[in-house]
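Participant: Below is a structure I'd like to ask you about.
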Amino acid sequence: MATTEYRSKVPFWRDPVKRGHLFQAAVLLTALAIGYTLFVNTQANLQRQSIATGFGFLEREAGFEIAEPPIPYSAADTYGRALLVGALNTLKVSSVGIFFSLILGTIIGISRLSHNWLVSRLSVAFIEVMQNIPVLLQLFFWYAIFYEAFPSPRQALNPLPGLFLCNRGLIFAVPAAHPSHVWMLAAAGVGIVGWFLLVRWGHRVQDRTGRLLPVHRMGMALTVLLPLAVWLLAGAPTAMDVPVLRGFNFRGGLTVSPEFSALLIGLILYTSAFVAEIVRAGIQAVSKGQIEAAMSIGLKPGQVLRLVVLPQALRVIIPPVTSQMLNLTKNSSLAIAIGYADFVSVANTTINQTGQAIEGVALIMLVYLFFSLSTSLFMNWYNKKMALVER
Amino acid sequence: GKDLDAVRKKGFIQVGVNGDLFGFGMPDEKGVWRGLDVDTARAVAAAIFGDASKVKFTPLTAQQRFTALQSGEIDILTRNATRTLSRETQLGLNFVHVNYYDGQGFMVPKKLGVKSAKELDGATICVLPGTTTEQNVADYFRSNGMSWKPVVIESTAELSKTFFAGRCDVMTSDASQLAGIRAVAPNPKDYVILPEIISKEPLAPAVRHGDDQFRDIVDFAVMAMIQAEEFGITSKNVDQMLKSKDPAIQRFLGVTPGNGKALGLDEKWAYNIIKQVGNYGEVFERNVGVNTKLGLERGLNALWTKGGLMYTPPFK
Amino acid sequence: MSDLIRDNEEIRPPVTKVGVLGWLRENLFNGWFNSLLTLATLYLLWLTIPPLVKWAFIESHWYTDPGVCREGGGACWSIIPKNVRFIFFGFFPEDQQWRPALTMILLVGLAFYSKDRRRWKKSLAVIWLVGILLMGWLMHGGLGLPVVETGKWSGLPLTLLLSFFGMVFAYPLGVLLALGRRSKLAAIKSMCVVYIELIRGVPLISLLFMSSVMFPLFLPEGVTFDKVLRAQVAIILFTAAYIAEVVRGGLQAIPKGQYEAADSLGLNYGKTMRLIILPQALKIVIPPTVGILISAFKDTSLVVIIALYDVLKTTKVTLSNPEWMGFSTEAYLFLAALYFVCCYAMSSYSRRLEKELNTGR
Amino acid sequence: MNGQTSATLTGTGPIIIIESMHKWFGDFHVLKDINLQVQPRERIVICGPSGSGKSTMIRCINRLEEHQRGRIVVDGIELTNDIKNIEKVRAEVGMVFQHFNLFPHLTILENLTLGPIWVRKTPKKEAEEMAMMYLEKVKIAEQAKKYPGQLSGGQQQRVAIARSLCMKPKIMLFDEPTSALDPEMVKEVLDVMVELAEEGMTMLVVTHEMGFAKSVADRVMFMDDGQIVEQNTPDEFFANPQNDRTRLFLSQIL
Amino acid sequence: MNGQTSATLTGTGPIIIIESMHKWFGDFHVLKDINLQVQPRERIVICGPSGSGKSTMIRCINRLEEHQRGRIVVDGIELTNDIKNIEKVRAEVGMVFQHFNLFPHLTILENLTLGPIWVRKTPKKEAEEMAMMYLEKVKIAEQAKKYPGQLSGGQQQRVAIARSLCMKPKIMLFDEPTSALDPEMVKEVLDVMVELAEEGMTMLVVTHEMGFAKSVADRVMFMDDGQIVEQNTPDEFFANPQNDRTRLFLSQIL
Ligand SMILES: Nc1ncnc2c1ncn2[C@@H]1O[C@H](COP(=O)(O)OP(=O)(O)OP(=O)(O)O)[C@@H](O)[C@H]1O
Ligand SMILES: Nc1ncnc2c1ncn2[C@@H]1O[C@H](COP(=O)(O)OP(=O)(O)OP(=O)(O)O)[C@@H](O)[C@H]1O
Ligand SMILES: [Mg+2]
Ligand SMILES: [Mg+2]
């Protein structure tokens, strides 16, 4: 072919393709060389200092307690399990946090566009304050509210029977274990499936007759009524695991600790301010023409929002919101400042006790990288699914 | 040895200290480092350079401290670190003579009516992370078959605030800390420190493996302060003491040469420590003693002659 | 033909809502929901504001000893004036503290001076260069001033310098990374992608931790870097990854035609980027960039984790002093206000800049 | 007036009545004393210089803009703040925009069925059949499953017309439907509009395609500075403009 | 062929030579065996249906697209991978795009001087004087300090032409220079192009403005499906198209 001929005639520094190859090779080599030197240095340093390395410590007994472990854990368990507990705690606070900050952020973002002066001003104020103060200080603030404003367990507030509010957290009664619970759970599951089926049926009815049915109300009723029926059938067991004040603390019931709550509230409020700005920008990015077109075929304002504006706004919103989700996860590593046992906090204690800082930091990075990459993979998939088809 | 050579070449010692532990290692309002650990480091500088100011401090967090020493970022670690077997062996460190004997205790509000740590079953306990304290409480409660809930917060200030607000029933830390924390309580009389001491916490400076001469110097610099107290030598009277007839004191202060040469130091090394930093008793009283905000008794840290544990080998 | 209205025939729109009452009706009490919301908000404000004012102003102490504070009930602002030296300047020798003070004034002054877009000329770059050199000299000393090593730089100057230089260096690095990520060269592209994704995937504290704890292990024996410098590098590397993503967005928004027009004028890659593409792309992404910079500014507070004495850490140290241990609320409120002022200034400036740059388009 | 005559032939009352209507944007008086009656099946072309208020006027007819004085009655319903009435009117009045404004996240078919399903509560199948019918009418039935972004401008505008038709409107408003199109595509769209006109749809068309006006319109209106300056049958209008401004404008455009 | 005759009149060798050139986009064969010789001062108009490869062909001439087979020689320089050569050719060949592609962040004057200053290394003052000269030529000297966004489409396109001229090109390529313009503005731009043609610039113009082709072109080429189907003098081409496809196309467009 003709082109190949002149390619050989051109000196390589004037041929962009060859130049590119050369440049890439150089960069790669440099990177490899740097990596190699670092590795060799580290090896030599570790050897010289006769520092213990490796992940053997994961199997040793941890010997420290962790508050509110999501899975059974005691000081007799291994470091490995302790770290797992930390990772689960991180997962817990970040998933709950992401869920609520998305909701709150959307509400505030829409409020910021509200025609009500007070509502939009308040939203703006909220956003400015939350965005411009370091989240660490905010965490201190929320935590202080919890331990300063609530009474000691002995003077615990008892707004409802079986529900206590004190500086140990929110403690509430849960039904005492009973065999019927499994069945109630199953019934609730059936209810949800039924809800889902109802929605599909509703769509079919709409497709067929054009009628809109109140499927969500029906589904909700189903999900509540089915477990209730099972409970009645089981003889309506009313025994409760009621928290009682014994010794220093409440025993029994379920506790939501102040540390968890403060971290959660802090992260949610901080992140939702950013989400709100993103949502606002997303909605504003939908052109006015779209709204006019939707209105001019007679859609109601709610339908315009649901059928036309939001689906389009979402595309603009998803990528930056993904970043915010990741940020929330990473910011949860500040938990250590207010005593929530997240992964970093547990890893720090581990580093401290074993002295194996390299492994500890490596684990921290790996775990967060895993959370981040899986979140972005999922969101990228979702984003692609939602992407506009264009020429 | 190489570490000593490197230090001499630099002209100062780089010392890792705690950054915000009142009485042990913390800057004052003027940004000048103060504390027992800080003065210990100054003593080493006085021994090596004849000048206690030839020292630079690196504040370290609990997680950083050992790695900083291992990596050569600092030459000495005096950061209220507890000497333990595993640290000594696995981390490539050598601890030297203890500069403070501590032990972990409990503090509770008086109104709980608790008299002994044995009554703490089910309690919520405020713990400072990053030291051996977390492990000690866990061990103690396990061995006594009791349950507890930890609240682990990074900074002392935050932790004590939560404790005083009633978030925890009990606060645990090294006894030296507890006294200080109680002193700043809104109402110190409302809190008691329980009699049990649940652990041994010998706090000692540490150096890296690999330079025994340097290790010896640091070791004897610490001990020299204790020995001086035993001899009754203080920074005020050290010049008169040079004229002392006691051969042990003469050897100690380098009037009779020998000790300095053996360590590879100036013969005046001990004199410089005492003159510029003071003996152990002075340093103790200045930083943590009864007249400071911490208000600690000598207790275990008294000289062996006064019923304490401070005992040094002969300086000959 | 119907008769036309002449222009001089003034007809006003029907005026329905005017005056204060009209405004209130329109903005606060239109509809039952809004009215309810207004009332609820007012009630909430009424519950919180008076006690807050009482605590913060009426019963507060402004320049007393901690003991006096403990007696009285109100806020103890005294912690700030009494410790302001350490909080602001940390370890910087007391007799030299005019130097960091002057540095900060210089920095803020320069920032204010550059606010005006009309001053954005080559000469401004020179002024900044001189300013930075001057600041370096003031902080570090030499040439007649006693040397103060970086280990003693702390407090507010450290915060400002870390974030300022973090931004100044992260920005070009981020731009390079963004260009790399859009490169046609597979190796360059994938390296940039890996770098950006890795860095964005981990928390800043783990990077700081690595830079402070593990970095020395990576280096040959005896080679150490300044601790502040290491933290600075970590902040730069971290921020750059975020900037890269933002800039990539801007680059994607530039139409292909711009590249083609530049090509057909005979500009090469470097000139095309420098003269045509980047000026447009960077302008588009001013708001998100400023967002990143604000985050970076707030994130410098995380250097606490590695025991660098930025303004948050110096405050915490003050709080570790048994004398002042109880007054963290006041101290943190002060810090929050400090950060808020700085961040708010940045964000409102970016909004203004965005508006200004948009006119004339 | 000449325009009225052709309308009265249909024998029923006017379907759009605008009486001394005014509109302001803030302080700016955009529409000044507009009076207009449109008979069923009448086809009106509106032209005039840019900024003269053409778009604003037809947007007032389906209340995309609110007028501040005077009356607008569409198909017997007066346009006030009553949301129910507005929705009723909008379902009767189709609108085609200059920039098509198709919903980019929906397929062509979904774009067409959205209104019937959600507003008219038509069963989906029926809605789809109708949509396909209209797509065939605008000659792009084979594109039903594609997304708007995949079509050319001319095709998109035809979809937009079909979308309006699916609501079975009594009146169609067109706001410069061809001015964003490449010249080759203008014809496709005009053909569809001509066909529509021939079927007797009531149409108000803002356009500068004078060929279209000549061949289709019952009445041509010229607007300037927020007022209807002149209106007449196309023949008269082009051959014999009465007003100076009209004459000037026509000289520029033809 | 007829076109060649007029070119040979100038008496020098061809300034553009394309010999059996092919181009693929991936698997798609866009240009098939293109052969073309352009003489200095020759003015060629290229037309053809959308997607026929007109843009691609002229973009190959200044290597905005790479060809994969055959030869392209511009002003004696063969277009290969050699960056130096490509830059040399691009400095000789001016290009005007459909969407103007002015640099929106630079003033009109800066748009014009960018090339001379950075590619030709002309002193700034000189470059500005030249720029003003060309701006006067396209009759918008008074807009020199404005930004492109502040000009109308027609003005922008004239700036784009002036920008190319500032590089003192030997050849000008135009890719549908008027098709993104409102009808009122087309004339302004065509006027400038006619003037340019009269001054003897070598021009290749992709356009559907057949009036321009008739009055200015030395040769009209018709492309379809990646091939040059027919080329001839304008008179012959319009009066007597040889090819069926050409005839069909002309019937649609005229
Ligand atoms: N939302 C608005 N706010 C303020 N002024 C507006 C608004 N919409 C339009 N205008 C102004 O009202 C006048 C009439 O606008 P309109 O769009 O109706 O003109 P037009 O005749 O359709 O012009 P064109 O041919 O350019 O579409 C113009 O001067 C325009 O600037
Ligand atoms: N970058 C590209 N990648 C793949 N295909 C392309 C690319 N650019 C153009 N094409 C295809 O090549 C063919 C010729 O495109 P070209 O733009 O040259 O046509 P044209 O004759 O200029 O049409 P128009 O009149 O619409 O501008 C078209 O089918 C087009 O889809
Ligand atoms: Mg209009
Ligand atoms: Mg083309």
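Participant: Being small (Gly, Ala, Ser), outside any helix (DSSP H, G or I) and open to solvent by 30 Å² or more (accessible area, probe 1.4 Å), is that true of even one residue in region C:248-260?
Facilitator: yes
Participant: Can I ask one more? Got a sec? Which of D:VAL45, D:VAL93 is away from chain A (no Cβ under 12 Å), under 18 Å from the mean Cα position of the chain (by Cα) and either within 16 Å of ligand 4 (Cβ to nearest atom) or crowded, with 22+ Cβ neighbours inside 10 Å (or both)?
Facilitator: Of the residues listed, the single one that is away from chain A (no Cβ under 12 Å), under 18 Å from the mean Cα position of the chain (by Cα) and either within 16 Å of ligand 4 (Cβ to nearest atom) or crowded, with 22+ Cβ neighbours inside 10 Å (or both) is D:VAL45.
Participant: With the condition being in contact with a strand residue (DSSP E or B) (Cβ under 8 Å, 6 or more places away or on another chain) and open to solvent by 30 Å² or more (accessible area, probe 1.4 Å), I'd like the helices (runs of 4 or more DSSP H) fully within region C:43-156 carrying at least 1 qualifying residues.
Facilitator: C:66-71, C:79-89, C:122-140
Participant: Restricting to region E:163-178, name every residue that is open to solvent by less than 20 Å² (accessible area, probe 1.4 Å), out of contact with any Pro (no Cβ under 7 Å at 6 or more places or on another chain) and closer than 17 Å to E:GLY115 by Cα.
Facilitator: The answer is E:ARG163, E:SER164, E:LEU165, E:PRO169, E:ILE171, E:MET172, E:LEU173.
Participant: List, please: which pairs have Cβ atoms under 8 Å, are six or more places apart or on different chains, and start with a residue in region E:47-69 that is at positive phi and end with one that is away from ligand 1 (no atom under 16 Å from the Cβ) and of a type in the set (Phe, Trp, Tyr)?
Facilitator: E:GLY48/E:PHE222; E:GLY48/E:PHE249
Participant: Return yes when E:ILE83 is within 18 Å of E:ASN62 (Cβ to Cβ) and open to solvent by 10 Å² or more (accessible area, probe 1.4 Å) and no when it is not.
Facilitator: Yes; evaluated as a whole, the condition is true for this residue.
Participant: For region D:115-131, how many residues are part of a helix (DSSP H, G or I), in contact (Cβ under 8 Å) with a residue 40 or more places away in the chain and over 19 Å from the mean Cα position of the chain (by Cα)?
Facilitator: Total satisfying the criteria: 1.
Participant: Report, by residue number, each residue of region B:203-222 that is open to solvent by less than 10 Å² (accessible area, probe 1.4 Å) and closer than 17 Å to B:ASP266 by Cα.
Facilitator: Of everything in region B:203-222, those that are open to solvent by less than 10 Å² (accessible area, probe 1.4 Å) and closer than 17 Å to B:ASP266 by Cα turn out to be B:PHE214, B:ILE217, B:VAL218, B:ALA221, B:VAL222.
Participant: Now for a separate question. What tally of residues in region C:281-301 results from selecting those that are open to solvent by less than 20 Å² (accessible area, probe 1.4 Å) and assigned to a helix (DSSP H, G or I)?
Facilitator: Looking only at that region, the number is 8.
Participant: May I pose another question? Restricting the search to region E:215-225, which residues are surrounded by fewer than 22 Cβ atoms within 10 Å (Cβ to Cβ) and within 12 Å of ligand 2 (Cβ to nearest atom)?
Facilitator: Passing the criteria: E:ASP224, E:ASP225.
Participant: Moving on to the next point. Quick one: B:ALA62 ticks every box in (1) farther than 23 Å from C:PHE91 by Cα; (2) touching a residue at least 24 places away in the same chain (Cβ under 8 Å) bar one, so which box is it?
Facilitator: Tallying (1) farther than 23 Å from C:PHE91 by Cα; (2) touching a residue at least 24 places away in the same chain (Cβ under 8 Å), B:ALA62 fails exactly one: (1).
Participant: Can you list residue pairs whose Cβ atoms sit under 6 Å apart, with the first residue in region B:1-21 being surrounded by fewer than 13 Cβ atoms within 10 Å (Cβ to Cβ) and the second being at pLDDT 90 or above? Count only pairs 6 or more apart in sequence or on different chains.
Facilitator: none
Participant: Scan region B:128-153 for residues that are within 7 Å of another protein chain (Cβ to nearest Cβ) and either under 20 Å from the mean Cα position of the chain (by Cα) or assigned to a helix (DSSP H, G or I) (or both) and report the count.
Facilitator: 7
Participant: Of all residues in region E:22-42, how many are open to solvent by 20 Å² or more (accessible area, probe 1.4 Å), more than 8 Å from ligand 2 (Cβ to nearest atom) and over 20 Å from E:THR246 (Cα atoms)?
Facilitator: Looking only at that region, the number is 7.
Participant: Something else: Would you mention how many residues in region E:226-242 are open to solvent by less than 80 Å² (accessible area, probe 1.4 Å), over 16 Å from E:GLY53 (Cβ atoms) and polar (S, T, N, Q)?
Facilitator: Number satisfying all stated conditions: 3.
Participant: Now for a separate question. So, B:GLU29, is that one within 8 Å of another protein chain (Cβ to nearest Cβ) and touching a residue at least 40 places away in the same chain (Cβ under 8 Å) or not?
Facilitator: no
Participant: Continuing with this model, one more query. E:PHE212 passes all but one of (1) open to solvent by less than 20 Å² (accessible area, probe 1.4 Å); (2) farther than 24 Å from D:SER179 by Cα; which number fails?
Facilitator: Here E:PHE212 meets the rest and fails (2).
Participant: Follow-up. Report every pair of residues separated by at least 6 positions or lying on different chains whose Cβ atoms are under 7 Å apart, first residue within region D:206-227 and more than 13 Å from chain C (Cβ to nearest Cβ) and away from ligand 3 (no atom under 16 Å from the Cβ), second charged (D, E, K, R) and open to solvent by 10 Å² or more (accessible area, probe 1.4 Å).
Facilitator: D:VAL216/D:ARG43; D:ALA217/D:ARG43; D:ASP218/D:ARG43
Participant: Return the residue satisfying two criteria in turn: it lies in region D:132-180 and is more than 17 Å from the chain's Cα centre (by Cα) and part of a loop (DSSP other than H, G, I, E, B), and of such residues it is farthest from ligand 2 (Cβ to nearest atom).
Facilitator: Out of the qualifying residues, it is D:ALA144.
Participant: Here's a follow-up. Among the residues of region D:20-74, what is the count of those that are within 16 Å of ligand 3 (Cβ to nearest atom) and charged (D, E, K, R)?
Facilitator: Here the count works out to 4.
Participant: Still on this structure, I have one more. So A:GLU68 passes all but one of these: (1) touching a helix residue (DSSP H, G or I) at 6+ places or on another chain (Cβ under 6 Å); (2) open to solvent by 50 Å² or more (accessible area, probe 1.4 Å); (3) among the acidic types (Asp, Glu). Which condition number does it fail?
Facilitator: (1)
Participant: Now for a separate question. Considering only region E:146-162, I want to know if a residue exists there that is surrounded by fewer than 18 Cβ atoms within 10 Å (Cβ to Cβ), touching a residue at least 12 places away in the same chain (Cβ under 8 Å) and over 26 Å from E:SER179 (Cβ atoms).
Facilitator: no
Residue by residue, here is whether (1) without any contact (Cβ under 8 Å) to a residue 40 or more places away in the chain; (2) among the hydroxyl-bearing types (Ser, Thr, Tyr); (3) open to solvent by 40 Å² or more (accessible area, probe 1.4 Å) holds:
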site: A:VAL124; (1), (2), (3): yes, no, no
site: A:ILE127; (1), (2), (3): no, no, no
site: A:VAL135; (1), (2), (3): no, no, no
site: A:TYR147; (1), (2), (3): no, yes, no
site: A:LEU165; (1), (2), (3): yes, no, yes
site: A:GLY169; (1), (2), (3): no, no, no
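Participant: Just to be sure before I move on: is C:TYR309 in the same structural domain as C:SER154 (by the TED database), aromatic (Phe, Trp, Tyr), within 21 Å of B:THR61 (Cβ to Cβ) and touching a Ser or Thr at 6+ places or on another chain (Cβ under 6 Å) in the structure I sent?
Facilitator: yes
Participant: Sticking with this one: Within region D:188-199, which residues are of a type outside the set (Val, Ile, Thr) and either open to solvent by 10 Å² or more (accessible area, probe 1.4 Å) or within 16 Å of ligand 3 (Cβ to nearest atom) (or both)?
Facilitator: Answer for region D:188-199, where residues must be of a type outside the set (Val, Ile, Thr) and either open to solvent by 10 Å² or more (accessible area, probe 1.4 Å) or within 16 Å of ligand 3 (Cβ to nearest atom) (or both): D:GLU188, D:LEU190, D:ASP191, D:GLU195, D:GLU198, D:GLU199.
Participant: So D:GLU176 passes all but one of these: (1) within 14 Å of chain A (Cβ to nearest Cβ); (2) at negative phi. Which condition number does it fail?
Facilitator: Unmet for D:GLU176, out of (1) within 14 Å of chain A (Cβ to nearest Cβ); (2) at negative phi: (2).
Participant: Does C:LYS298 fit the bill of being basic (Lys, Arg), over 21 Å from B:GLN64 (Cβ atoms) and within 10 Å of chain A (Cβ to nearest Cβ)?
Facilitator: Yes.
Participant: Restricting attention to region B:85-99, report how many residues are open to solvent by 10 Å² or more (accessible area, probe 1.4 Å) and closer than 20 Å to B:GLN227 by Cβ.
Facilitator: Qualifying residue count, region B:85-99: 2.
The values are calculated or read from the model by the stated rules, or taken from the named source; none is laboratory data. Quick caveat, the model's predicted, so the values are computed rather than measured. Cβ: placed from backbone, ideal geometry, glycine included. Neighbour counts: every protein chain shown. Just so you know, the surface numbers come from the protein's heavy atoms only, side chains and all, with ligands and any DNA or RNA stripped out. Shrake-Rupley method; radii C 1.70, N 1.55, O 1.52, S 1.80 Å.
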